[in-house]
1. Taking 30 Å as R0, compute the FRET efficiency from the Cβ-Cβ separation of Gln95 and Thr224 and round it to 0.05.
2. If I model a spin label as a point 7 Å beyond the Cα along the Cα-Cβ vector, how far apart are those points for Val163 and Phe234 in nm?
3. Considering amide H positions built from the backbone, and no H for Pro or chain starts, which residues 5 or more places from Val98, or on another chain, come under 5 Å of its amide H?
Amino acid sequence: MSTQCVMVIGDDLSARTRVVEWAACEAARRGLPLRIVHVARVEHGTPRHDEGYPRPVVNPVAAQLADAHPGLRVGTTHLTGPVAREGRSLVRNAQLVVVGIGTPEESGAAGPFPSPIVREIVGGANCPVVFVPSPPGPARPPNRPTRITVGVDARDPAASALVFAFDTARLRQARLRAVHAWSLPPAAAELPFRVPEKDRATWEDHEVQLLSDVLRPWREKYPTVPVLEDVVLFSPTEALIHNPDNAELVVVGRGHPAVNGLSGTVDALLRSTGSPVAVVPE
């Protein structure tokens, strides 16, 4: 498939209806075709499609999506054989890749992640990858505006993550919460007594100004996107997990891979949040 698309990848997509539906809605919103990619189960290096493991039911899923989203072009692909190589080739044509994550009970000790072969395919994707939890998190109150959260390091902002967050907020007509985590300077730990409130306030004001400076050009570029600037005295992971908005989407930069091909912050976030998480490469 040569054109840009939204691609949903998994090895049990017929059981992940929320994941496929999320991808379909996003494809329709962006005016892109949807490609459903089913990855063969791999055991001992060999794809398995035998009587003990029935073939996937993705074509009926595609038909249901086409009925539910008139005008949405839906295609399907089955990966067998050298699935990782074929899959990495496929994701080059994607504007957005969507995968599902299960509960720890479903995924085992490795955590709530896709299968190793799916992680290998999407780990090097040059486009944003959205991890959609199944089952979903807490229901959103009716009539509440859509809200998106983006993690921002005001000292080293990830431009690609900000582009994706603002553009997605614009498409969804959503409110964007920009979260910057900060910590007390090392000198504070050397004080023999509690940090004076005046000093803490001065440091915090500086962090607020840093975030405001980073976001100013993005606010000018996306004037229709309402932005809440949130500066919190937490670690980056705690700042994103502490999510009073119960955001419909959390956006972060990919960072430096450390665990399962993901940064430690992303790894912890996927284990703790009930919201879809978009991981955006630079």
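A short reminder: the numbers here are calculations on the coordinates, not readings from a lab. Nothing here was measured: the structure is a model prediction, and the numbers come from that model. Glycine also receives a Cβ, built like all others from the backbone with ideal geometry; neighbour counts cover every protein chain displayed.
1. Working: r = 21 Å, r/R0 = 0.72.
That gives a FRET efficiency of 0.90.
2. 2.8 nm
3. Those qualifying (amide H under 5 Å, at least 5 residues apart or on another chain) are Met7, Val8, Ile9, Val130.
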